[in-house]
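A.B. asks: Dumping the structure here so I can ask a few things about it.
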Amino acid sequence: MPGLGISFGRGGATTFVQDLQHSDVIVIQGSNMAECHPVAFQWVMEAKARGAKIVHVDPRFTRTSAMADLHVPIRAGSDIVFLGGIIHYILENDKAFKEYVIPYTNAANIIDPRFRDTEELDGFFSGWRADKGEYDEESWRYQGVEEVPAAGHKEVVPKEGGGGPRGKDVKKAPRDETLQHPRCVYQLLRKHYARYTPEKVEEICGVPPKTFLQVCEWLTQNSGRERTGAFCYAVGWTQHTVGVQYIRSAAIIQMLLGNMGRPGGGIMALRGHASIQGSTDIPTLYNLLPGYIPMAHAKQHSLKDYLDVNTAGGGFWSNFPAYFVSLMKAYFGDAVSKDNQWGYPWLPSVTGDHSHMTTVSDMTQGKIKGYFVMGENPVVGSTNGGMQRDGLAKLEWLVVRDLAMIETAEFWRERPECETEVFFFPAAAHTEKDGSFTNTNRLLQWHHKAVEPPGDCKSELDFVYELGKRLKAAYASSTDPKDKPIQALAWNYREIKPGEVDADAVLEEINGKNLVTGKPLSKYGELKDDGTTAAGCWIYVGCRADGVNQPARRKPQREQDWVAREWGWSWPDNRRMLYNRASADPDGKPWSERKRYVYWNGEKWTGFDTADFIPDRPPSYRPGPDDTGVKAISGIDPFIMQVDGKAWLYAPSGLLDGPMPTHYEPEEGVVPNAMYRQECNPRRLEYHLRRNRYHRAFDDPRYPYVLTTYRLTEHHTAGGMSRWLSWLSELMPEMFCEVSHELAAEVGLKNGGWATVTTARAQIECRVLVTGRMRPLRIQGRTVHQIGLPYHWGSTGLVRGDSTNDLIAFVADPNVQIQESKAFTGNIRPGRREQRYRIEPELAELAEPRDLPGLRPYATQPMQHNPEKE
Amino acid sequence: MSFFRILGEKWPLLRQAQPGDASGLGSSAWTDRSQNLRPRLDGAEVHKSICPYCAVGCGQDVYVRDGRIIDIEGDNDSPISRGRLCPKGAASFQLVTGNHRQKHVLYRKPRGTEWQQLSLEQAMEMVAERVRKTREETWEAKDEKGSPVQRTLGIAHLGGATLDNEENYLLKKLYTALGVIQVENQARI
């Protein structure tokens, strides 16, 4: 996630779940960890047993809340006010861990005098271009610095090349280490969060000041040399139109409290699929190549342009050319050299947003002909299921690969007239193939093949290898230059038997080798930009160090300390905790004996983990004024991927919707934004399509309740791996909604009875669970009801039910194009839905548009990103 | 064998009185059957694996006998899970061995109302041909501004978070060579 990537340099959880046992306070927010990550939750319980305070902030009281010391009910979609309130408390009570904050973050950096805050512009930062609906980030920069490239996810602001590596002069930016300068980041933060007071938290989030202050006190009491705290989050934070800024808010708290890179500290991103971290590291994503290398952009005409844009003047992104050239050598082997720009002209270019929702809206307009879906069930799992089905029906051909007959494969049963050809390929299960998953700790773990796959079941590895072989054969004799990359593609992998690729051979290519000696590489520092090394994913270099499959290492936990460095392998360089240089003070000594982790022993960095630093660079090292690249990393720069080596309290670049997290209401809310006149994130992505009607921004009389979605312990995402199993289906057989006693009385819902939930997109029916675990909140003087909806069900499988995601509109965070499914509005009534809505979903479009007569003018949002206006 | 000896072995009341087992809960409580009982997993091969559900990455021991999986248990060695599995992880035996699994390639023709079975070979050939044809039809050498883009927007991909790193690697590699850029996965949801 760029929330973490922009703040600290790498888009991955900064710690590992086992280390949560060392926390003195843990805040779980945007996650129901006990039910959704139950086995990881044991480490929270270990911390509690050692005396840590556990806080759960969530609209619902769940089993996580039951185990916590404090449950804080909150209105879905208001977390930035809550977290901003904590930042306000830290700053105004002078509780920041300044010995940490001053050297390790950009708190002291002075920002461009042209910068204006949302406090001055009523919800906008300076640089808003109303005509384009975007920000020009020029005024957000460090004073006197031309450019400040962000680490990771840099592609969010595509640039033209020229001028060499960016941000070379960033170390010359003025700093005021007294933190008194009115335009230093510390003071800007104070100003930005000045109104995020306990009273505002109560007004907007519905959290009473006493409860809120209790959380603030626990967090600040457990900060400093002797104590640390951790945050755990999941998609309850990310799936918002301001999702990235939620994570940024927690990042700011953790920086101010000095919790990053230290045992018991950090931000634990709890991810929901076996290898979702892996599928971002080695991406099946439109904007990235392996190792967070951006895809080529049409603006970058030559290799030089591309390298100029992506190479940073300082930190480890300064070696970008080595990472990129090594990737091209892994992709194309001998066919690429300096003479043909390492194959750069062969790469396809992006020209904007090609994310899932954009692709599906293009699909509904017949622009996409062929679609591969592998191990995902978008008809149930992605928002606006009706749009998803419409899109599939407009394809020429669809290939679905899964274990069972999921809804995405069978969507045509409800529309037999559709022309789409559908291929279903049965997939091999994890026990039927070798391979590695990267878990939420950034840890690669190998799973071994136990049995042969049945029937025609094949792994994706064998499928794609075979497809590639056939396409290479089909294009072998072509003379068309567009077919050159296919002809040049290195596509020869060791096979265990005909048709079965050795996954270890692919891991070898990912790890990379020295092309001169033929030896496997052991760390990414060995990569070269002269074509003498090849590596398929630079951050994974070392996973097959010494020719050994490191992810397959399984030294039992009883024979190791809690860091367990000999179990699997984690990127980068087997570092289990990122930024761990910060676990020592600027002089390289542990902050305290209790929180000892990685430290300088006089000759090198040592400790429980691989140091996330240059191994022999002393704490006293200071770069010269003209040093660039890795040389520019000072002995007190723990964030070595960042161009300035500092954690970013304030993001001078890299984010599209502002340098500091700001409260905006969700696309669909129940109350006006009590902070600014600007209601929603002005930079959010809307999709104006017939099948994607929006409600009024707030006060929509048709849709008066807040809806939020979640997972259950017994089911997995869109149900493809759970709704077919009798053991799990029996435990959780039916779709339901959770409502409070008060709402049930107001609407006439009965526990165990039926209810119909409606939005402008669809209506679904479900059973009613009336429970005291849901509580109405008082927000801005009115009562706000929230309805909880699990989203696992669909039309096939052993247990069936309506899909919650049918209710939700396409609308997205601008930075990562993530859907907003954790806070939206709808209505509920007793009884079952009308049959016609299921069969002819088009009828659901009768809803009125977003801007109803009488709507207050400021609720009309600046629109942008309208791929297709009607 | 004397009558009394047989009586002493078979009649529990007498057997309990045998020396060395005063509590009557030790060897004297054994029967012929219980003496030969073996754990269900005794002698099965153990293959080390990782739970395929969420991203915690709990260790799994997959027990195999005669080429069939007979059980999946939590791996005690794992420093992350310490032998534990949640309800889903504990159900992964059914996930991989259940009869819900489709074992043949299926094809639905345009306007079709039923699936029909295809051979793997034929299906692969049909898919490869469709990729080639769509790519030819939708190739975009330059965008509207005249910048080279070398791509097709006619083909898209979804899914990756449930797959292995090696699989995602080959997928992205092949798509990049084909000029397919609309590649997405669950990280976006």
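A short reminder: the numbers here are calculations on the coordinates, not readings from a lab. As the structure is a computational prediction, the values presented were derived from the model and not from experiment. As a convention, Cβ positions derive from the backbone with ideal geometry for all residues, glycine included, and neighbour counts pool all protein chains shown.
A.B. asks: If you take the beta carbon distance between A:K338 and A:D480 as r and set R0 to 22 Å, what does 1/(1 + (r/R0)^6) give as a FRET efficiency, to the nearest 0.05? Kindly include the intermediate steps, with their values, before the conclusion.
C.D. replies: On the way: r = 25 Å, r/R0 = 1.12.
Computed FRET efficiency for A:K338 and A:D480 comes out at 0.35.
A.B. asks: Also, quick follow-up: Would the stretch A:153-292 count as rounded, prolate or oblate if I go by the C-alpha gyration tensor, calling it rounded below 1.5 in a/c and otherwise prolate when a/b exceeds b/c, oblate otherwise? List each step's numbers first, then the result.
C.D. replies: Details: a/c = 1.77, a/b = 1.24, b/c = 1.43.
Judged from the Cα gyration tensor, the stretch A:153-292 comes out oblate (a/c at least 1.5, b/c at or above a/b).
A.B. asks: Here is a further query. To the nearest Å, what is the center-to-center distance of the stretch A:632-666 and the stretch A:750-778, using C-alpha atoms only?
C.D. replies: Spelled out, the Cα-based centre of one part sits 41 Å from the other.
A.B. asks: What net charge is computed for the residues neighbouring A:A404, neighbours being all others with C-beta under 9 Å from the C-beta of A:A404, Lys and Arg scored +1, Asp and Glu -1? Before the final figure, lay out each step's value.
C.D. replies: Working: positive: A:R723, B:R101; negative: A:D402.
Cβ neighbours under 9 Å give a net charge of +1.
A.B. asks: Taking neighbour counts of Cβ atoms within 10 Å as a proxy for exposure, in what order, fewest first, do A:T284, B:T113, A:T351, A:T220 appear?
C.D. replies: In increasing order of surrounding Cβ atoms, one gets B:T113, A:T351, A:T220, A:T284.
A.B. asks: Right, another one. Based on the Cβ-Cβ distance of A:S620 and A:Q180, what FRET efficiency does E = 1/(1 + (r/R0)^6) give at R0 = 22 Å, to the nearest 0.05? The partial results should precede the final answer.
C.D. replies: Numbers: r = 27 Å, r/R0 = 1.21.
Plugging the Cβ-Cβ distance into 1/(1 + (r/R0)^6) gives 0.25.
A.B. asks: Please identify every one of the trypsin sites (Lys or Arg not before Pro) in the stretch A:424-510 that sits in a loop by DSSP and has no more than 16 other beta carbons within 10 Å of its own beta carbon. Present the calculation step by step, with values, prior to reporting the outcome.
C.D. replies: On the way: sites: A:K433, A:R442, A:K449, A:K458, A:K469, A:R470, A:K472, A:K482, A:R494; in loops: A:K433, A:R442, A:K449, A:R494.
Answer in residue order: A:R494.
A.B. asks: Take the Cβ-Cβ distance between A:R594 and B:S23 as r, set R0 to 45 Å, and report the resulting FRET efficiency rounded to the nearest 0.05.
C.D. replies: Numbers: r = 49 Å, r/R0 = 1.08.
Efficiency, from the Cβ-Cβ distance: 0.40.
A.B. asks: Could you give me the radius of gyration and the Dmax of the stretch A:776-820, taking only the C-alpha atoms into account and expressing both in angstrom?
C.D. replies: For the stretch A:776-820, the Cα-based Rg and Dmax read 15.4, 45 Å.
A.B. asks: Could you work out the equivalent-ellipsoid semi-axes for the stretch A:671-744, taking the square root of 5 times each eigenvalue of the Cα gyration tensor, largest first, in whole Å?
C.D. replies: Details: eigenvalues 228, 66, 30 Å².
Semi-axes (√(5λ), whole Å): 34, 18, 12.
A.B. asks: For the stretch A:54-119, which semi-axes, largest first and in whole Å, follow from the square roots of 5 times the eigenvalues of its Cα gyration tensor? Mind showing how you got there, number by number?
C.D. replies: Numbers: eigenvalues 202, 59, 17 Å².
Equivalent ellipsoid semi-axes, largest first: 32, 17, 9 Å.
A.B. asks: Next question, about the same structure. Using only the Cα atoms of the stretch A:319-426, what do you get for the radius of gyration and for Dmax, in Å?
C.D. replies: 18.4, 55
A.B. asks: How far, in degrees from 0 to 90, does helix B:165-178 lean away from the longest principal axis of the Cα atoms of chain B, to the nearest 10?
C.D. replies: Its long axis makes an angle of about 10 degrees.
A.B. asks: For the stretch A:468-516, take N as its residue count and report Rg(C-alpha) divided by 2.2 N^0.38 Å. Working shown, then result.
C.D. replies: Details: Rg = 13.3 Å, N = 49, 2.2 N^0.38 = 9.7 Å.
Against the compact-globule rule of thumb, the ratio is 1.38.
A.B. asks: Still on this model: What is the ratio of the Cα radius of gyration of the stretch A:485-560 to 2.2 N^0.38 Å, with N the residue count, to two decimals? Before the final figure, lay out each step's value.
C.D. replies: Numbers: Rg = 14.4 Å, N = 76, 2.2 N^0.38 = 11.4 Å.
Cα-based Rg divided by the globular estimate yields 1.26.
A.B. asks: Work out from phi, with θ = phi - 60° and the Karplus expression 6.51 cos²θ - 1.76 cosθ + 1.60, the ³J(HN,Hα) of each residue of the stretch A:587-594, listed in order in whole Hz, and give x for Gly and Pro.
C.D. replies: 7, x, 8, x, 4, 7, 4, 5
A.B. asks: When the helices in chain A are scored as -39500 (n - 2.57) per DSSP H run of 4 or longer and the sum is shared across all residues, what 222 nm value do you end up with, to the nearest 500 deg cm²/dmol?
C.D. replies: Values: 25 runs with 198 residues, N = 870.
For chain A, the value works out to -6000 deg cm²/dmol.
A.B. asks: If you take all C-alpha pairs in the stretch A:393-546, what percent of them are over 23 Å apart?
C.D. replies: Working: 6585 of 11781 pairs.
Beyond 23 Å sits 56 percent of the P(r) for the stretch A:393-546.
A.B. asks: In chain B, what is the count of Lys pairs whose alpha carbons are under 20 Å apart, counting only pairs at least 8 residues apart or on separate chains? Can you show the working numbers first?
C.D. replies: On the way: B:K48/B:K88; B:K109/B:K133; B:K133/B:K142; B:K133/B:K172; B:K133/B:K173.
Taking chain B as the scope, the lysine pair count is 5.
A.B. asks: For the stretch A:254-399, what is one quarter of the convex hull surface built on the Cα atoms, given in nm²?
C.D. replies: Across all orientations, the stretch A:254-399 yields a mean hull projection of 12.7 nm².
A.B. asks: How fast does the stretch A:219-271 diffuse by Stokes-Einstein, in µm²/s, taking the Kirkwood radius from C-alpha pairs at 4 °C and 1.567 mPa s? Before the final figure, lay out each step's value.
C.D. replies: Details: Rh = 11.4 Å.
For the chosen part, D equals 114 µm²/s.
A.B. asks: Follow-up. Mean 1/r over all different Cα pairs, inverted: what Kirkwood radius does the stretch A:315-365 give, in Å? Intermediate values should be presented prior to the final figure.
C.D. replies: Numbers: mean 1/r = 0.0747 Å⁻¹.
By the Kirkwood definition, the hydrodynamic radius is 13.4 Å.
A.B. asks: Given H placed 1.01 Å from N in the peptide plane, which residues other than close sequence neighbours of A:Y135 have an amide H under 5 Å from its amide H?
C.D. replies: Here A:R129 satisfy the definition.
A.B. asks: Let me ask something else about it. Going by the alpha-carbon gyration tensor, a ≥ b ≥ c the square roots of its eigenvalues, is the stretch A:688-819 rounded (a/c under 1.5) or, if a/c is not under 1.5, prolate (a/b greater than b/c) versus oblate? Kindly include the intermediate steps, with their values, before the conclusion.
C.D. replies: Values: a/c = 1.89, a/b = 1.19, b/c = 1.59.
Verdict is oblate for the stretch A:688-819.
A.B. asks: Lysines within cross-link reach of A:K519: Cα-Cα under 16 Å, excluding same-chain residues under 8 positions apart?
C.D. replies: Within the straight-line limit of under 16 Å, A:K519 reaches these lysines: A:K329, A:K528.
A.B. asks: Could you let me know the centre-to-centre spacing of the stretch A:11-72 and the stretch A:285-304, using Cα atoms, in angstrom?
C.D. replies: 38 Å
A.B. asks: Strictly greater than 24 Å: what percent of every Cα pair in the stretch A:461-607 meets that?
C.D. replies: Numbers: 5702 of 10731 pairs.
It works out to 53 percent of all Cα pairs.
A.B. asks: Please report the net charge: other residues with Cβ closer than 9 Å to the Cβ of A:G144, K and R +1, D and E -1. Display every interim value, and only then the final one.
C.D. replies: Details: positive: A:R141, A:K172; negative: A:D112, A:E146, A:D169.
Around A:G144, the surrounding residues sum to -1.
A.B. asks: Taking Cα atoms of chain B, Rg/Rh with Kirkwood Rh, to two decimals?
C.D. replies: Working: Rg = 29.7 Å, Rh = 23.2 Å.
Ratio of gyration radius to Kirkwood radius: 1.28.
A.B. asks: Tell me the mean residue ellipticity at 222 nm calculated for chain B from its helices only (DSSP H runs of n ≥ 4, each -39500 (n - 2.57), averaged over every residue, nearest 500).
C.D. replies: On the way: 7 runs with 60 residues, N = 189.
Result for chain B: -9000 deg cm²/dmol, rounded to the nearest 500.
A.B. asks: Of A:K472/A:K497; A:K172/A:K338; A:K200/A:K646, which ones are farther than 24 Å apart at the Cα? Provide the component values of the computation, followed by the final result.
C.D. replies: Numbers: A:K472/A:K497 21 Å; A:K172/A:K338 34 Å; A:K200/A:K646 31 Å.
Distance filter (> 24 Å) returns A:K172/A:K338; A:K200/A:K646.
A.B. asks: Hey, another quick one. Could you state the principal axis extents of the C-alpha atoms in the stretch A:206-248, from the largest down, to the nearest angstrom?
C.D. replies: 35, 27, 14
A.B. asks: Continuing with this model, one more query. For the protein assembly as shown, just say rounded, prolate or oblate: build the C-alpha gyration tensor, square-root its eigenvalues into a ≥ b ≥ c, call rounded for a/c under 1.5, and beyond that prolate if a/b exceeds b/c, oblate if not. Intermediate values should be presented prior to the final figure.
C.D. replies: Working: a/c = 1.16, a/b = 1.15, b/c = 1.01.
Rounded.
A.B. asks: Take every Cα-Cα pair in the stretch A:522-618 and report what % of them are more than 16 Å apart.
C.D. replies: Values: 2873 of 4656 pairs.
Looking at the stretch A:522-618, the distances longer than 16 Å represent 62 percent of pairs.
A.B. asks: I would also like to ask the following. Count the net charge of all other residues whose Cβ sits under 11 Å from the Cβ of B:A29, scoring Lys and Arg as +1 and Asp and Glu as -1.
C.D. replies: Numbers: positive: B:R15; negative: B:D21.
Cβ neighbours under 11 Å give a net charge of 0.
A.B. asks: Evaluate 2.2 N^0.38 Å with N set to the residue count of the stretch B:78-133, then give the Cα radius of gyration divided by it.
C.D. replies: Values: Rg = 18.7 Å, N = 56, 2.2 N^0.38 = 10.2 Å.
Relative to the rule-of-thumb radius for its length, the stretch B:78-133 sits at 1.84.
A.B. asks: Mind checking which lysines have their C-alpha under 20 Å from A:K53, skipping anything on the same chain fewer than 8 residues away?
C.D. replies: A:K95, A:K210, A:K595
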